[in-house]
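One structure below.
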Amino acid sequence: MVVATIVIVVLTVVVIATIVIVVLTVIVVATIVIVVLTVIIVAAIVVVIATVIIVAVIVVVVAVMVVIVIVIPVIVCHCSH
């Protein structure tokens, strides 16, 4: 009976330990996945913001070019008349 009790206790401990290890592994994996997803989302947001800034800069540069090429000559021509 003593041997049977010891075997049962050992098996119970092993099963509990296995469950704990599996749960911890799942938690660690889930944490890693969440961190990776967060990094990807942040990177995507940064890319979008950078794209918006670049587009805005391009628009401003084009606007300045248009002003320099079209508006200034028109003003100069009107003033000279």
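Points worth noting:
- Taken together, the residues in the stretch 1-52 that are within 30 Å of the chain's Cα centre (by Cα) and of a type in the set (V, I, T) amount to 26.
- Cross-chain or 6+ apart pairs with Cβ under 8 Å, the stretch 19-41 first and part of a helix (DSSP H, G or I), then charged (D, E, K, R) and surrounded by 10 or more Cβ atoms within 10 Å (Cβ to Cβ): none
Read-outs: derived from the displayed coordinates by stated rules, not from any lab. If you're wondering where the values come from, they're calculated on a predicted model, not measured in any experiment. We place every Cβ from the backbone using ideal geometry, glycine too, and count neighbours over all the protein chains shown.
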